[in-house]
């Protein structure tokens, strides 16, 4: 299956999803929203995939909503379908990213503005190129943040800094994003994808069941108390302990060799 606005590739257990509207800096118009949602679900359901990478084609990661298309719709007086007001596709995509059983790395190669920044925040990890820039640009268009920005950003940078970025729409560069913890590493443009693939490879070589449960635990435990967090850890540990991967990991440790995990 191919997509109109997204490139999809799986190699060695790593699914790379490349937003592919470079002429619009990968703005979320045309079929890109639908393509991205389908690709995330597709990778989530593929037993061969252990990690996903989301990146952008060309100079940008994702410039957010397609403002030009918004303007054209307003000029035509076109309304939005009712279901886009009740259960918008963007929300379904954010939930698909969060619920995906595979870890997701955002390789932010250029501008990540508005919904594009929040798409990156919805991923589990973020690496950036030195060419990357980030902005909560909604306020500049008289719009409210979406794609989970008011949920993700305060949890990453704290309430006060999130409020500042959202209220001003200030553009920050990759180094400032690194300082704030929005990204975990910054690389030269030509080194970004090799770095993302190296991180993905390290994760893909790990035990899939334990990593899947750890992803669930991280997000579950952000919104619960210590007792609930400990109970979830016990639940997850009990499952992992009975897997073939755990037996292999313990045996490999005793035999002083690298384990070979199979997701069983």
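The values are calculated or read from the model by the stated rules, or taken from the named source; none is laboratory data. Computed from a predicted structure; not experimentally measured. Reconstructed Cβ throughout: ideal geometry from the backbone, glycine too, with neighbour counts over all protein chains shown.
Side notes on the structure shown:
- Boolean, residue 212 is assigned to a helix (DSSP H, G or I) and more than 13 Å from residue 103 (Cβ to Cβ): no
- Residues being surrounded by fewer than 24 Cβ atoms within 10 Å (Cβ to Cβ) and not in a strand (DSSP E or B) - total across region 123-136: 4
- Some residue of region 219-234 being under 21 Å from residue 52 (Cβ atoms), surrounded by fewer than 16 Cβ atoms within 10 Å (Cβ to Cβ), in the same structural domain as residue 113 (by TED's automatic domain parsing) and in contact with a helix residue (DSSP H, G or I) (Cβ under 8 Å, 6 or more places away or on another chain): no
- Residue check for residue 35: closer than 19 Å to residue 147 by Cβ, at pLDDT below 95 and either assigned by TED's automatic domain parsing to the domain that holds residue 169 or surrounded by fewer than 16 Cβ atoms within 10 Å (Cβ to Cβ) (or both): no
- Any hit, region 156-169, residues being modelled with pLDDT of 95 or more, assigned by TED's automatic domain parsing to the domain that holds residue 19 and in contact with a strand residue (DSSP E or B) (Cβ under 7 Å, 6 or more places away or on another chain): yes
- Being in a helix (DSSP H, G or I) and surrounded by fewer than 16 Cβ atoms within 10 Å (Cβ to Cβ) is a description that applies to residue 202.
- The lone exception for residue 29 - which of (1) at pLDDT 95 or above; (2) in contact with a helix residue (DSSP H, G or I) (Cβ under 7 Å, 6 or more places away or on another chain); (3) surrounded by fewer than 21 Cβ atoms within 10 Å (Cβ to Cβ) it fails: (1)
- Qualifying positions in region 238-258 - under 23 Å from residue 47 (Cβ atoms), free of Cβ contacts under 8 Å to residues at least 12 places away in the same chain and surrounded by 12 or more Cβ atoms within 10 Å (Cβ to Cβ): 247, 252
- Taking the criterion of being assigned to a helix (DSSP H, G or I) and exposed (fewer than 15 other Cβ atoms within 10 Å of the Cβ), the only residue of region 141-150 that qualifies is 141.
- Identity of the residue in region 172-198, under 18 Å from the mean Cα position of the chain (by Cα) and free of Cβ contacts under 8 Å to residues at least 12 places away in the same chain, that ends up nearest to residue 57 (Cα to Cα): 194
- Selection status of residue 262, over 30 Å from residue 113 (Cα atoms) and outside any helix (DSSP H, G or I): yes
- Annotation: of all residues in region 92-110 being within 9 Å of the chain's Cα centre (by Cα) and within 10 Å of residue 52 (Cβ to Cβ), the one that is surrounded by the most Cβ atoms within 10 Å (Cβ to Cβ) is 106.
- For region 221-231, the criterion of a residue being closer than 20 Å to residue 10 by Cβ and not in a helix (DSSP H, G or I) is satisfied by no position.
- Pick from region 13-22, criterion in contact with a helix residue (DSSP H, G or I) (Cβ under 7 Å, 6 or more places away or on another chain) and within 20 Å of residue 50 (Cβ to Cβ), ranking: surrounded by the fewest Cβ atoms within 10 Å (Cβ to Cβ): 13
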